[in-house]
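Asker: Take a look at the following structure, please.
The numbers here are math on the coordinates, done by the rules we state, and not lab data. Note that the structure is predicted; figures quoted are calculated from it, not measured. Neighbour counts run over all protein chains shown; Cβ positions are idealised from the backbone, glycine included.
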Ligand SMILES: Cc1cc2nc3c(=O)[nH]c(=O)nc-3n(C[C@H](O)[C@H](O)[C@H](O)COP(=O)(O)O)c2cc1C
């Protein structure tokens with residue numbers, strides 16, 4: 001059976017909600033799925049979070065997920081200042097995605113910089129040897145409304161495998 005891990009960071013719950021939806025969809029499709037939340041002791045205010053995201057800061061990850069045993073890796077991040085979050089960037093930098101099929105996804109607020117963030121996300125994964133098999137961007141407050149789109153994108157990617 002194909003083994004999938006969904007790794008995400010979520011500060012206010014939107015990316016966690018989307019990750020849980022993806023988990024349920026993949027389970028329904030009969031895949032063996034694990035869900036992993038990235039945690040950090042870093043606590044910063046809005047502006048500092050934006051600055052760290054823009055500067056491409058790397059944070060210490062308290063507990064690293066072990067992706068070696070998984071063929072497919074979903075990674076989720078909120079958009080911060082048109083970038084992915086420092087913790088998700090740190091995860092990618094610390095990981096080896098050789099022979100991994102990777103599906104990045106983001107949640108956003110206004111939508112400003114979301115395409116840029118997704119492109120950056122993909123570039124970092126490819127640099128670490130990963131093969132992009134799909135992508136998803138969903139407005140953080142509109143996850144339920146976007147359920148058909150979420151299912152469609154996942155089905156599209158599973159068909160390609
Ligand atoms: C520090 C910070 C910066 C943000 N920057 C952006 C941005 O540039 N573009 C955007 O569309 N949303 C931005 N947002 C909104 C978040 O991306 C959005 O609320 C997201 O769904 C939050 O995910 P979470 O609930 O999993 O933490 C920002 C939020 C924070 C806290």
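Asker: Select from region 29-63 the residues that are away from the ligand (no atom under 16 Å from the Cβ) and over 21 Å from residue 132 (Cα atoms) and list them in ascending order.
Answerer: Of all residues in region 29-63, those away from the ligand (no atom under 16 Å from the Cβ) come to 29-34, 41, 58, 60-63.
Once the filter is applied, which keeps residues that are away from the ligand (no atom under 16 Å from the Cβ) and over 21 Å from residue 132 (Cα atoms), region 29-63 yields 30, 41, 58, 60, 61, 62, 63.
Asker: Of these, 134, 129, 111, which one is touching a residue at least 24 places away in the same chain (Cβ under 8 Å), in contact with a strand residue (DSSP E or B) (Cβ under 9 Å, 6 or more places away or on another chain), farther than 22 Å from residue 33 by Cβ and part of a loop (DSSP other than H, G, I, E, B)?
Answerer: On the way: 134 fails: farther than 22 Å from residue 33 by Cβ; 129 fails: in contact with a strand residue (DSSP E or B) (Cβ under 9 Å, 6 or more places away or on another chain).
Just one listed residue meets the conditions, 111.
Asker: Return the total of residues in region 64-81 being more than 16 Å from the ligand (Cβ to nearest atom) and under 16 Å from the mean Cα position of the chain (by Cα). Walk me through it before giving the result.
Answerer: Within region 64-81, the subset more than 16 Å from the ligand (Cβ to nearest atom) is 64-73.
Imposing the further condition that a residue be under 16 Å from the mean Cα position of the chain (by Cα) reduces the set to 64-67, 70-73.
Number satisfying all stated conditions: 8.
Asker: So, residue 121, is that one touching a strand residue (DSSP E or B) at 6+ places or on another chain (Cβ under 6 Å) and part of a helix (DSSP H, G or I) or not? Let's see the steps before the verdict.
Answerer: Details: touching a strand residue (DSSP E or B) at 6+ places or on another chain (Cβ under 6 Å): yes; part of a helix (DSSP H, G or I): yes.
So residue 121 passes the test.
Asker: Scan 23, 8, 70 and give me the residue that is touching a residue at least 60 places away in the same chain (Cβ under 8 Å) and within 19 Å of residue 147 (Cα to Cα).
Answerer: Values: 23 fails: touching a residue at least 60 places away in the same chain (Cβ under 8 Å); 70 fails: within 19 Å of residue 147 (Cα to Cα).
Step by step, each of 23, 8, 70 is checked, and only 8 is touching a residue at least 60 places away in the same chain (Cβ under 8 Å) and within 19 Å of residue 147 (Cα to Cα).
Asker: I would also like to ask the following. If I filter region 1-16 down to residues being surrounded by fewer than 16 Cβ atoms within 10 Å (Cβ to Cβ) and within 16 Å of the ligand (Cβ to nearest atom), which single residue comes out as farthest from residue 75 (Cα to Cα)?
Answerer: Kept after step one, since they are surrounded by fewer than 16 Cβ atoms within 10 Å (Cβ to Cβ), are these residues of region 1-16: 1-3, 11-13.
Going one step further and asking which of them are within 16 Å of the ligand (Cβ to nearest atom), we end up with 11-13.
On the way: 11: 15, 12: 17, 13: 15 Å.
Filtering first and then ranking leaves 12.
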